[in-house]
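Since the structure comes first, as structure tokens, the remarks are kept for the end.
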Amino acid sequence: MNMNILAKIKRGLSTQKHLYFLFGVLFIIPNCVLFVTDPMPVTVGIASIIIPLAVWFGVLLLSRKPGIIVWILLPKVILDGGQLVLLYLFGESVIAVDMYLNLISSNASEASELLGNIFLVIICVFLFYTLPTLCLAFYSVKIKDSLPDVFRKKWGKISLLLLMAGVLSGCLSFLQGNTFSVKKDIYPANAIYNLYFAFDKANRNKNYHLTSANFTFHATKPVQVNNNREIYVLLVGETARAMEWSLYGYERETTPHMDKLSGLVYFKDVITQSNNTHKSVPIILSAASAEDYDILYQKKSIITAFKEAGFHTVAIVNQKLTGSLISTFYREADTYIDMSTFNTGSYLTSLHDDAILPYLQKEVDDAEGNLFIVLHTYGSHFNYYERYSKEFAFYTPDKAEGIRATCKTKLRNAYDNSILFTDYVLGEVVNILEKSGACSSMLYLSDHGEDIFDDARARYLHASPIPTYYQLHIPYIIWFSDNYQRDYPEKYQQALKHKAWPVSTNSVFHTMLDIAGIETKEADPSLSLTNEAFIVRDRMYLDDHDDPIPFWKVGLKKLDFEMMDKWNISYDK
Ligand SMILES: [Zn+2]
């Protein structure tokens, strides 16, 4: 019986006609998987399979030996492999712009942390998809048989008909009020378009110093408190999620310092505009937002606004950001301390965030006038276990063997310890500001959250093409010193008033300027949490092509909406 089947397969493969059909089917496997994993209107889904099928059936006819065409299309076969690997890892989505960009911008340690997990998947896809396809193509080139002209003519016509049917289905989707475009909806056109988009974006980043050269905020600070200097700190956190803070209601005590800090206002319902550091932090540091992201390349960062208003500006950064727009922003500061270049003794680890504190203390001691400081931490970035010193290993065991669902308890312990450590660092920053006697305030938020095998989806890390609740809901706090509350009581009151309002990361730039009393035409009081003009608007998420999309429409699942209800996150349906 078995011999019979084998013989049949062999006989089936021995003709070019059969190989032709087989290649056509192999070529649209990624399309079929995407059809199942990615939510799309039926008409778009049908078009996304029939159009490429028609094209490949047509193209494969160009040679009497279709294997030759497969070899010519080797880059596509390789791309298909990459696409299947990502589908396995994320369970959805075409290769995104961010993934291409992350390939360029990730540092060695991040890549090596992830590569261990991806390696097995890559091997499997290669053995069960790429290699068999190429072997069959090789076989097709070798055998004497070739496609008869009658067959090619007939299937040429069928391909054309199929193509027309696919286009018709695409047109029908317009009639139903949906959008449909080849560059967004049809694989591999969308994957190739995303590659082009990534190159274009990298180029715009590179030319930022030219496109923003003539920009000025015309920023001023009309009011200065009597005989006292003012110090403002913007602390950019990393990968912290609000649900893991006892301040926000987490059952474990993870933020003891913030829990009892007087003058602290915490905003309960804050959603990040991106789950990717390299898109989220530029929004935090500038007037750009998901709604209007492209102004990023024309304008300078918040550091320049403070500088123009007479502040001495400092950026102390404990994260490797070399070559990114974020580090370009930090270079605008009078003093830029890049701690990622310090020798830690091992190239795989970075310094713990408390290493920032002595530098902060020195800047506060040395400067005489008004001071604006951006601190960029490494917070709770994977590997969590490496983010805190051993005295903070409160929840144990915390040393996970790898990033696997079976290690969830250990990962979660380590993650909670990293939050404890962040809480300690925040407390120390507040101590330094308080001791200075200045009129001061600190705004802290995280750039995005994180997945840690939280539900049946077994998702982990962040920056996936479609986010989850866990990647979106971030901690966002502002501490006001006693002096600040005395000198600017109305701003503190306004912050308190807005603590439960729906907020996004696009508020940081405007809030920070408002706290410091800086005036510029770029500041929008209706986005400032300390201003009575603050208004609630639909919260947008920055999609893969840098366009805004309401965050509840990015492809969140039922499990995400359940969590949002649990944590009182407001959204429209
Ligand atoms: Zn980040």
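Data table
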read-out	value
Residue within region 202-213 that is within 16 Å of the ligand (Cβ to nearest atom) and closer than 30 Å to G379 by Cα present	no
Residue list for region 300-331, restricted to those being crowded, with 19+ Cβ neighbours inside 10 Å and more than 20 Å from G237 (Cα to Cα)	K300, T304, A305, F306, K307, A309, F311, H312
Enumeration of residues in region 207-264 that are acidic (D, E), crowded, with 20+ Cβ neighbours inside 10 Å and within 21 Å of D354 (Cβ to Cβ)	E238, E244
Spans of helices (runs of 4 or more DSSP H) in region 276-363 with at least 1 residues within 16 Å of the ligand (Cβ to nearest atom) and within 23 Å of N214 (Cα to Cα)	277-285, 325-330
Conditions (1) open to solvent by 40 Å² or more (accessible area, probe 1.4 Å); (2) in a helix (DSSP H, G or I); (3) in contact with a helix residue (DSSP H, G or I) (Cβ under 6 Å, 6 or more places away or on another chain); number of the one not met by I432	(1)
Single residue of region 144-162 satisfying the filter (touching a Leu at 6+ places or on another chain (Cβ under 9 Å) and closer than 20 Å to G45 by Cα) that is least open to solvent (accessible area, probe 1.4 Å)	S159
Flag for K17 being open to solvent by 50 Å² or more (accessible area, probe 1.4 Å), assigned by TED's automatic domain parsing to the domain that holds S159, over 35 Å from the mean Cα position of the chain (by Cα) and touching a residue at least 24 places away in the same chain (Cβ under 8 Å)	yes
Subset of region 46-98 (residues that are out of contact with any Phe, Trp or Tyr (no Cβ under 7 Å at 6 or more places or on another chain) and part of a loop (DSSP other than H, G, I, E, B))	L62, S63, R64, K65, L73, G91, E92, S93, I95, A96
Hits in region 364-387 (condition: away from the ligand (no atom under 16 Å from the Cβ) and either closer than 25 Å to V508 by Cα or among the aromatic types (F, W, Y) (or both))	V364, A367, G369, N370, L371, F372, I373, Y385
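Let's see how each residue does on (1) more than 16 Å from the ligand (Cβ to nearest atom); (2) open to solvent by less than 20 Å² (accessible area, probe 1.4 Å); (3) over 21 Å from the mean Cα position of the chain (by Cα):
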site: L443; (1), (2), (3): yes, yes, yes
site: D447; (1), (2), (3): no, yes, no
site: A456; (1), (2), (3): yes, no, yes
site: N483; (1), (2), (3): yes, no, yes
site: D487; (1), (2), (3): yes, no, yes
site: Q494; (1), (2), (3): yes, no, yes
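The values are calculated or read from the model by the stated rules, or taken from the named source; none is laboratory data. As the structure is a computational prediction, the values presented were derived from the model and not from experiment. We place every Cβ from the backbone using ideal geometry, glycine too, and count neighbours over all the protein chains shown. When the accessible area is computed, the model is the full protein with side chains, heavy atoms only, and any ligands, DNA or RNA have been set aside. Shrake-Rupley method; radii C 1.70, N 1.55, O 1.52, S 1.80 Å.
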